[in-house]
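The structure under discussion appears below in the form of structure tokens.
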Amino acid sequence: MLYNDHFGIYVDVAMPVEDKSKSLLPFLSSPKLLPNESEAEFQSGLQSLLSELDNPSPLAVALVSQLNECLWWIKRHTVDKELLLHEAMARLLFKAGSHWMPSGNSKLSVALEHYLDGIAHKEEADLIEQALTGGNLTLSDLRVRAFKDAAKHIKMVDDLIHRQHQTMRHLQRSIDSIDYKSRLLKRMDLELAALESKQPVKGALTLDAEPS
Amino acid sequence: MTPNHPRNLTNRHNALKSTGPRSVAGKQASSQNSRKHGLNSAPDFESSLEYRALVDLIAEEGFSAFACADIAAGLLNYRRVMDAYYDTYTSPEPVDEFLRDANVKASSPIFRELLSPSGSEPQDVREMAAFFASMQRQERRKGGPVSRRTTDTHKLIRYQRNGIARLSRAVRQG
């Protein structure tokens, strides 16, 4: 039993909040992570969102977990934009050096990744520089052309990110609605309890009283 | 050609010999051959255990019976969409590296060599090289793995939009 200062009454709490909040999640398939993603990071994001919930009812927790997944997808798609650019750069480089290059596009892609990160071996660096020279390109030229080539797919990723934002708005509105509903119910319970406590004998029972 | 043309009759007769799936299980399996994500099929949540458990749990929060049913179905439907989204994202169509990276100009002598025992004409070799080039163009147009998964995932946007709208409406009207 908790004592409510505002109404001056005791309120019954049937179940601890922690137990209630987790009861809905096992019935929904859990979000899956990619092999290179950190589960600890995902869970810490979820916990920080849950800690902001005023009233962690099972449904609200289920919706917050979907919201956390949306944030995770936004992160994935943002990485994808950079990967698309990288893919297009590798394609252009391969095209520039296709008449002499012995290795395939995949090897070139790895070499380019190392080159851009500054960890390329001498062979890889030579391969990239030779391809750039062969195509009469600088690295910034290549990036600009790759952006132009990958624009269609980058736009698609932007759409996907935008969709996740819209989904988050829907989820947020649903969570607000649950919160409002539970507050309203609690307030009505408290007001009813206050009325009953003020009129212990006949007060709140006037509806049941016999008409005079 | 009339329906009773001898060639049509022969075709029909030969079709009877075709080896399609015959068992119930085989037919069921082959009916899923062209299935991509399964989001167009109507789901049957009501008979699942998860649905009943969800309805009971949501009812504890003071929602009406109708609202509980709507919210539970909405939640399961949204999860179904997001699972398909994940599956599509993680398993894009594989890249045929050989076809993508092959040198088409160098392929003509190879085709000539392959076709020479059958006494082929230069026209045949040209046609085969052109066909190979068109396949390569198609393969290159699809892009690398990231482009492919982006294109595939992009097709699921409308299912996600409908799924979340259904869930949100159920919760707010409950």
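Set the bar at 26 Å for Cα to Cα. Now go through A:K107/B:K155; A:K81/B:K142; A:K32/A:K95 and name every pair that lies beyond it. The answer is A:K107/B:K155; A:K32/A:K95. Straight-line cross-link partners of A:K122 among the aspartates and glutamates, defined as a Cα under 20 Å from its Cα and at least 8 positions apart when in the same chain: A:E113. Each residue of segment B:15-27 was assigned a 3J(HN,Hα) from its phi angle through the Karplus expression (A = 6.51, B = -1.76, C = 1.60, θ = phi - 60°), giving 4, 5, 7, 5, 9, x, x, 10, 6, 4, 5, x, 5 Hz with x at Gly and Pro. By definition, a body whose alpha carbon gyration tensor gives a ≥ b ≥ c is prolate when a/c is 1.5 or more and a/b is larger than b/c, and segment A:130-169 fits this prolate description. Partner shielding of B:165-171 amounts to 5, given as the average count of beta-carbon atoms from other chains within 10 Å of each residue beta-carbon.
Provide, as a two-decimal number, the C-alpha radius of gyration of segment B:122-174 over 2.2 N^0.38 Å, N being how many residues it has.
2.17
Comparing B:N103, B:N33, B:N162 in a Gaussian network model of chain B where C-alpha atoms under 10 Å apart are linked, the largest mean-square fluctuation is found at B:N33.
Can you pull out the GluC sites (Glu not before Pro) in segment B:14-83 whose DSSP state is coil and whose Cβ has at most 16 other Cβ atoms within 10 Å?
Qualifying residues, ordered by number: B:E46, B:E60.
Peptide A:79-90 has a mean shielding of 3, counted as Cβ atoms of other protein chains within 10 Å of each residue's Cβ. Cβ crowding within 10 Å ranks B:F63, B:F132 as B:F132, B:F63, fewest other Cβ atoms first.
Cross-link partners for A:K75 among the aspartates and glutamates, with Cα-Cα distance under 15 Å and sequence neighbours closer than 8 places in the same chain left out: A:E37, A:E39, A:E41, A:D158, A:D159. Taking the square roots of five times each eigenvalue of the Cα gyration tensor of segment A:73-185, the equivalent ellipsoid has semi-axes of 44, 14, 9 Å, listed largest first. The mean number of Cβ atoms from other chains found within 10 Å of a Cβ in peptide B:55-64 is 4, as a whole number. Chain B gives an Rg/Rh value of 1.20, both radii derived from C-alpha positions and Rh following Kirkwood.
Looking at segment A:50-90 from every direction and averaging, what is the projected area of its Cα convex hull in nm²?
The directionally averaged projection comes out at 3.1 nm².
Every number in this text was worked out from the coordinates using simple rules, so none of it is lab data. Not measured: the values here are computed from a predicted model. Quick reminder, even Gly has a Cβ in these numbers, built from the backbone with ideal geometry, and neighbours come from all protein chains shown.
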